[in-house]
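Encoded as structure tokens, the structure appears first; notes follow it.
The values are calculated or read from the model by the stated rules, or taken from the named source; none is laboratory data. Predicted, not measured: the structure shown is a model, and the values here were computed from it. Because the Cβ atoms are built from the backbone with ideal geometry, glycine has one as well, and the counts that use them run over all protein chains shown. The protein model used for the area step is the full one, side chains on, heavy atoms only, and it has no ligands, DNA or RNA in it. Shrake-Rupley method; radii C 1.70, N 1.55, O 1.52, S 1.80 Å.
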Amino acid sequence: MKIRILQELLGAELICGEEHLDCDVHSACGSDMMSDVLAYVKDQAVLLTGLVNSQVIRTAEMMDMVCIVFVRSKRPTLEMIETAQESGIALLSTDKRMFEACGILYTNGLNGAKT
């Protein structure tokens, strides 16, 4: 699934990373606990989270994720946006709650992690 399609499905606002909208994502992870993302997530491409701090960007960077979706209309700080741009990570924000956002993506063919 292209990030552009993911954005449309979630009615999400693009915060940064327009140049990445045509990148493919093959799986997703929804979590507010970055330790869980690091411990259990393999080969993920998009992270859905309500957590807004620089650790989110760093975790996504370490896991080679190409996109972060902030749920519940959360917005990253300017510092987070700058770090994401430097790391080649698209940032989106949706008003959907985590459960709903994950359900929409799953229903439309985006799978979770293979453990």
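Residue-level check: of (1) touching a residue at least 40 places away in the same chain (Cβ under 8 Å); (2) over 17 Å from L110 (Cβ atoms); (3) in contact with a helix residue (DSSP H, G or I) (Cβ under 7 Å, 6 or more places away or on another chain), R75 misses just (3).
Name the single residue that is surrounded by the fewest Cβ atoms within 10 Å (Cβ to Cβ) among those in region 41-91 being out of contact with any Ser or Thr (no Cβ under 9 Å at 6 or more places or on another chain) and assigned to a loop (DSSP other than H, G, I, E, B). Per the stated criteria, the residue is D64. With respect to L78, is the statement that it is out of contact with any Pro (no Cβ under 9 Å at 6 or more places or on another chain) and either polar (S, T, N, Q) or within 16 Å of C29 (Cβ to Cβ) (or both) true? So L78 fails the test.
When L9 is tested against the conditions (1) within 13 Å of the chain's Cα centre (by Cα); (2) under 14 Å from Y106 (Cα atoms), the lone failure is (1).
Of the residues making up region 55-69, not a single one is in contact with a helix residue (DSSP H, G or I) (Cβ under 6 Å, 6 or more places away or on another chain), within 18 Å of S93 (Cβ to Cβ) and among the small types (G, A, S).
Within region 31-49, is even one residue modelled with pLDDT of 95 or more, under 13 Å from the mean Cα position of the chain (by Cα) and charged (D, E, K, R)? No: zero hits.
Can you tell me which residue in region 92-106 is nearest to G50 (Cα to Cα), limited to those that are more than 12 Å from the chain's Cα centre (by Cα) and open to solvent by less than 70 Å² (accessible area, probe 1.4 Å)? Steps first, please.
Initially, region 92-106 is screened for residues more than 12 Å from the chain's Cα centre (by Cα), giving 95-97, 99-100, 103-104, 106.
Remaining after also requiring open to solvent by less than 70 Å² (accessible area, probe 1.4 Å): 96, 103-104.
Details: K96: 10, G103: 16, I104: 16 Å.
Only one residue tops the list, namely K96.
Scanning region 35-46 for residues that are in contact with a strand residue (DSSP E or B) (Cβ under 8 Å, 6 or more places away or on another chain) and farther than 16 Å from G103 by Cβ gives V37, V41, D43, Q44, A45.
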